[in-house]
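The next block holds one structure in the form of structure tokens; read it before the comments.
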Amino acid sequence: MKQTCFVCQNIDCQSRGSEALMKELTDMVAAKAIDAEVKPYICFGGCDFGPNVVVHPQKNWYAGVQKEDLPEIVNSLAGGPAVTRLDTIDPSLKDIVYSLLDAGVV
């Protein structure tokens, strides 16, 4: 199943390095030939907790992502366990965003 790894690119996440994270994540996914696409997303609404990365359809939300976290995220994309220590977002916000992604609102 193809996974999409959305990286928030709103101003708050960008100010915390989301552009560099997206590039690095894209490179790491390609290097391991993982069946996943890394794409920008305008905003998930978790601005105070960024950079935010959401994996769909697996419904994994990673908040406060740093470069050092990327190997664990890539391992998860390759079939490993989710990185639960980065799952700190309010469940109600996650439900809203997951519903939008399930409906194809990207």
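Values in this text are rule-based calculations from the coordinates and carry no lab data. Worth saying up front: this structure is predicted, and the values here are computed from it rather than measured. Cβ: placed from backbone, ideal geometry, glycine included. Neighbour counts: every protein chain shown.
Below are the figures for this structure:
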read-out: Computed [θ] at 222 nm, helices only, for the chain once each DSSP H run of length n ≥ 4 contributes -39500 (n - 2.57); value: -10500 deg cm²/dmol
read-out: Only Lys, Arg (+1) and Asp, Glu (-1) charged, at Cβ; the chain dipole about Cα centre in debye; value: 160
read-out: Dipole axis of region 1-79 (+1 Lys, Arg; -1 Asp, Glu on Cβ), positive-most option in PRO51, TYR62, THR4; value: THR4
read-out: Disulfide-incompatible cysteines by the Cβ rule (no partner under 4.7 Å) in the chain; value: CYS5, CYS43, CYS47
read-out: Sequence-distant residues sharing a close amide H with VAL38 (under 5 Å, placed H); value: CYS5
read-out: Beta bridges per DSSP with both ends in the chain, % antiparallel, nearest 5; value: 55
